[in-house]
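Contents: one structure, followed by commentary.
The values are calculated or read from the model by the stated rules, or taken from the named source; none is laboratory data. As the structure is a prediction and not an experimental result, all values here were calculated from the model. Here the Cβ positions follow ideal geometry from the backbone for every residue, glycine too, while neighbour counts run over all protein chains shown.
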Amino acid sequence: MSKDLDQVPLPGKKIVPFSNAIFAENPEPRCPCLLLLDTSSSMAGRPIEELNTGLVAFKDELMADSLASKRVEVGIVTFGPALPVTHFQTADTFQPPLLTAGGDTPMGAAIELGLAMVRDRKDEYRRNGVEYYRPWVFLITDGAPTDTWTQAASQVHLAEESKTLQFFAVGVAGANFDILRQIATREPVALNGLRFRDMFQWLSNSLQSVSQSRVGEQVPLVNPTAPGGWGSVG
Amino acid sequence: MRANSSGILLAGDRMEYRLGTLLAEGGEGRVYRLQGREDVLAKLYSEPGIGREVKLEHLIEIGNKRLLHVAAWPLSRLRDSRDETVGFVMESLEGWQPLHASYQVKSRLDQNPYRTWRHLVRIARNLAACVHHVHDAGLIVGDLNESNVLVSHESMVKLIDVDSFQCETADTLFTCHVAKPELLAPELHGKSLEGLRRSESHDDFALAVLIFQTLMFGRHPFAGRPELAGDISLEEAIQKGWYPFTERRNPPIAPPKGLEIDWVSSEIRDLFEQAFDPDSPDRPSAHAWFVALKTLEASLAQCSENQSHAFWHGLDTCPWCALEDRWNLALFQPKFGSSGRQSIDVDRLWARIEAVPEPRRASPPRGLDATQFHPIDTLATRTARAGTPWIPLVIVGAFNAERHPELFILVVAMVAFYLGCLIKVQFQHRFPYNRAQETLTELAHQWELSASAGVFDAEKEAFRKQCDALENSSQRLEIERTKRLRIAHQRELEEFLSRYSVRSLAGVLTLETTSAIVNTLGIQTAADIHPDAMEIGGLAGMEGFHLGPELTKALVAWRTELEDRFWSTSSFRLDPHMEREAQMVIAQENAELRKNLERAPKELGELAEQLSAAQIEIAREALAPVRVIQKHGAYVAALTIGKK
C-alpha cells in the first residue's frame, strides 16, 4: 500500500510549555539517550515491526526501575527524511512512537540534527540547574547514507574526543559497516537477526547502571557481541 | 541466564525457609519472598564469600531492638544443602518506598498525595534518627543513598542493605567499598574505597545531602546554574565546595531559579552551610540534625489559603503559594471535605442563610369571576342580551317598508333602541369591567415576578445548591481530574481501541454483518466507532447496506465497554501541572461560592424586605380595579344570564 510509504511523525507527547517546571517537579540528574533510527523503505515489513516492539520493550524496561525512569531521557530522530520524532523526555512520560518505513537514508542530516538536539537539551539542563550524565547517541541503520555524511562524522569524532557524548552504531543486515566505522569511533556492532528487543534491553540496563553509577563499583558494559548476545562484530 | 532459586529449601539459624517468588535483583544479590511468611524476606548473595559470612554473623549478633527498628537488620543466616552461607533473612518492607519517591514531587503526589511539607520534615527527622542509632552502635552506613532509605506511608524510615554497612569485630574491619559520587564526602573523592575506613562524618555528608533533597523538593544541594562555560559535574562542585546557597564562599554556580534557602529556619541553614563547607572540620552529626529538624517541625505555620501548605513560621507569607504560582504546578494536594473542616464551614454558612427572616406569604391579586355576582338585570341589559333574535324582524320590516311604512318606522325605532341599550351597557359596564380585569391580571403577573415569596424560595434553593457544591469539593476536584486525564490520554485510548477489530465480534454477530460493517462503513476497529457521530436511526453504508438502530447501539455499547476497561486498568496520573490546573479551577470556584454564600444572608434579607414591600404595594394597587369589578360585575353578570 502506498500509504505505508508515507512518513508520518507521531510525537510521543505534547511538549509541555513550562519546560523549567518539568525540572522543578523532577530535578533528578538526567541521562540523555538519543536514538537515531533508520526508517528508510528498506526497513519496511518485519524490521520496522520488530523495531517498534523493541521501543515498547525499551520503555517498559526503563519504567521497571523507578530511579532510571526519572533520570533517563529518550529522544528519537528518524531518518527517511530526518525528523525529530520524540523530543527528550524522561521514560515515565515517553510514549514509544509507531514508526513507519519509507524514503531514503539521509543519515548525515539525521546525525547533525540529533547532535544539535543533544546540545540544546544540555543547554536546557544547565539553564535549569539540573545535572546530567554524558549523553548516549545510538545509531541504528540497515543501509548506507544517501546524503553527505563527512560533516556529521567529523562532528561525532570531535564530540567523542571532547568526551561530550558517546556514540554507538548498530548495523542491521545490509548496513554499510565501512561507512559506520568512519562515522563512529567505536567498533560498530552488527545486530544478530532482528533482535531489537534484546538490544533495547541491553541499552536500558546500560543506561540504568550509568544513571546510578557508584564509586568503587565496576559496572562494565555487558559485551553485546559475546556469545548469546544480540550483536556480533560487524 | 541465572537460575531462579524459587522453591529451594534453606536452613536458617533456628528454622528452615522455603524460597518464594523473586522480588528484586541487584548487583549484590537477589531478594526472594519466603513461602508462608509475609513478615520476612530472604536476600541471597550473587557471590558468597568467607569474609561475608563472618561479617553477617557479627551483624546478626549485635542486632538489638533499636537497630531492628531503624534498619532491615539481618535476622538469621541462610545455609544451603552444603552448609554454605548463601544469604540471610531480613524484615520484609514491602509497600515501603525509596526516599527519592518521597522527595520527588510527582511520585509523592502519585503515592502519598496528602503529604505536606510537615511530612517531609518528619521524614528527614526520622532519617536522621536512623543514622544516629546506626552510629551509636559503632557502625557506618557507608553507601547511604536515596534508594536504600525506605519510607513507610506513616513517614517512618528504615535503612536497607545492612550487609554493606561498615562494622568491626575484635580483629577485623569490614569496610563498605561502594558509594554514589553525588553523596560522597569531598575528602573521599578520587580515593579508592576498597579497604578504606569510613567515618561517621562521611555518612553525615550524605545525610545532609539527603535532608536537603527531602526539604527542597528533590534538588541536589550542589546542583545549580553554572556561571562558567563548560560542564560542572556534581562531583567537582562537591569537591570544591561550590554549594550555590553558601554565604561563606563565592561559587561560580547560581542557585536554581525559584529555589530559596530561606524556606528553612536559620538553624537548618547553618547546618547545611557547615555540612557543605569542604574546609569545615566537623559536619553536623545525625543527632544535631535530629534536634534541629524536631525544632523546625514544631515551628511550622499553616497557610490560610491552602490547607495543604505547611511552612516554617519564620516567613511572613506562604512560600508554597508563591512557588506553585511561579512554577505553575501543584507541590501539594489539598484534601477537601473529608477533614471535616470544610463541612463545618459550610454548615455555618448555611445556618446563617437559614436564619434570614422570610418575606410575607400573602396571596397574589386575582381577577374576579363575573358569575360570582348576583346579576342586576335592567331593561338595558335585558335588551342587549336579547341581541340576534331581532335581526329577522328587521329584515322582514325592511322588505315590507313600502307596503307598511309604519311598520318600518317601528322596526327602525326598535333597532335604534336596541343599539342604544347595547352601547350603554358596553360603555358603562363591560369596558371598565374588562379593563379592571386586565389590570388585575397584570398585577398578578407582576406579583409572580417581583413580590411572591416563591422568588425568595428559589433564590434560597440556589444558595443551598452552592453550599452542596462547596461541601462536595473533593468530588468536583475528582471530576476535573478525570476530565483532564481523559483528554491527556485520549491518544492512548484510541490506540488501545484500535487493537480491537470489529471482526473479533464475529462470534456475536454473523460473519456477513461484520464484513459488511468493515467493508461498507469502513469501521475496522473500535476506534472507528464514534458514538457522537452515530445516528440513532442507524447508519447507511455503501451498496445499500444499512446498519440498524439495534446494531448501532450494540457497537456503541461495545466501544463504551472497551473504554471503561481501558480507564479502569490504566494507571495514568495527572502530572503536577494538570493537577494544579484542576486544583485552581476548584479553588477559584470555591472562592466564588464562598463569596456568594458570605453575601447570601444580606442579599436574602434585602430580597425578603423588597418582596414584602412589593406585596403590599401590589395589593394596594389592586384595590381600585377590584372596586371597579365589584361595581360593574353584577351588570356584566346579567349579560351572561342563560348563556351558559
How about the range B:246-269: which of its residues are more than 14 Å from chain A (Cβ to nearest Cβ) and exposed (fewer than 14 other Cβ atoms within 10 Å of the Cβ)? B:247, B:248, B:250, B:262, B:266
Options B:491, B:499; residue that is in contact with a helix residue (DSSP H, G or I) (Cβ under 9 Å, 6 or more places away or on another chain), without any contact (Cβ under 8 Å) to a residue 60 or more places away in the chain and within 14 Å of chain A (Cβ to nearest Cβ): B:499
Which ones in the range B:164-217 are under 30 Å from residue B:105 (Cβ atoms) and facing another protein chain (nearest Cβ under 9 Å)? B:178, B:179, B:180, B:181, B:182, B:184, B:189, B:213, B:216, B:217
Tell me which residues, restricted to the range B:90-135, are within 12 Å of chain A (Cβ to nearest Cβ) and more than 28 Å from residue B:283 (Cβ to Cβ). B:106, B:107, B:109, B:110, B:111
Out of (1) over 30 Å from residue B:593 (Cβ atoms); (2) at pLDDT 80 or above; (3) surrounded by 15 or more Cβ atoms within 10 Å (Cβ to Cβ), the odd one out for residue B:349 is which? (1)
Criterion first (closer than 30 Å to residue B:126 by Cβ and assigned to a strand (DSSP E or B)) does residue B:77 satisfy it? yes
Please state which one of A:124, A:160, A:217 is within 30 Å of residue B:179 (Cβ to Cβ), surrounded by fewer than 20 Cβ atoms within 10 Å (Cβ to Cβ) and modelled with pLDDT of 90 or more. A:160
Exactly one of B:118, B:66, B:52, B:122 is at pLDDT below 90 and of a type in the set (Lys, Arg), and that residue is B:52
Give me the residue from the range A:57-72 that is buried (at least 19 other Cβ atoms within 10 Å of the Cβ) and assigned to a helix (DSSP H, G or I) and, out of that set, farthest from the other protein chains (Cβ to nearest Cβ). A:58
What residue, among those in the range B:389-431 that are among the basic types (Lys, Arg) and surrounded by 13 or more Cβ atoms within 10 Å (Cβ to Cβ), is farthest from residue B:370 (Cα to Cα)? B:424
Looking at this structure, is residue B:293 within 14 Å of chain A (Cβ to nearest Cβ) and either in contact with a helix residue (DSSP H, G or I) (Cβ under 8 Å, 6 or more places away or on another chain) or of a type in the set (A, V, I, L, M) (or both)? no
Taking residue A:96 as meeting all but one of (1) farther than 25 Å from residue A:209 by Cβ; (2) within 14 Å of chain B (Cβ to nearest Cβ); (3) not acidic (Asp, Glu), write down the number of the exception. (1)
Among (1) acidic (Asp, Glu); (2) within 14 Å of chain A (Cβ to nearest Cβ); (3) in a loop (DSSP other than H, G, I, E, B), there is one condition residue B:279 misses while meeting the rest; what is its number? (2)
Could you tell me whether residue B:224 is at positive phi, among the small types (Gly, Ala, Ser), crowded, with 18+ Cβ neighbours inside 10 Å and within 9 Å of chain A (Cβ to nearest Cβ)? no
Test result for residue A:81, under 24 Å from residue A:176 (Cα atoms), away from every other protein chain (no Cβ under 14 Å) and surrounded by fewer than 19 Cβ atoms within 10 Å (Cβ to Cβ): yes
Has the range A:5-16 got at least one residue that is modelled with pLDDT of 85 or more and either in contact with a strand residue (DSSP E or B) (Cβ under 9 Å, 6 or more places away or on another chain) or more than 10 Å from every other protein chain (Cβ to nearest Cβ) (or both)? no
Checked the range A:102-138 for anything within 14 Å of chain B (Cβ to nearest Cβ) and part of a strand (DSSP E or B); matches are A:132
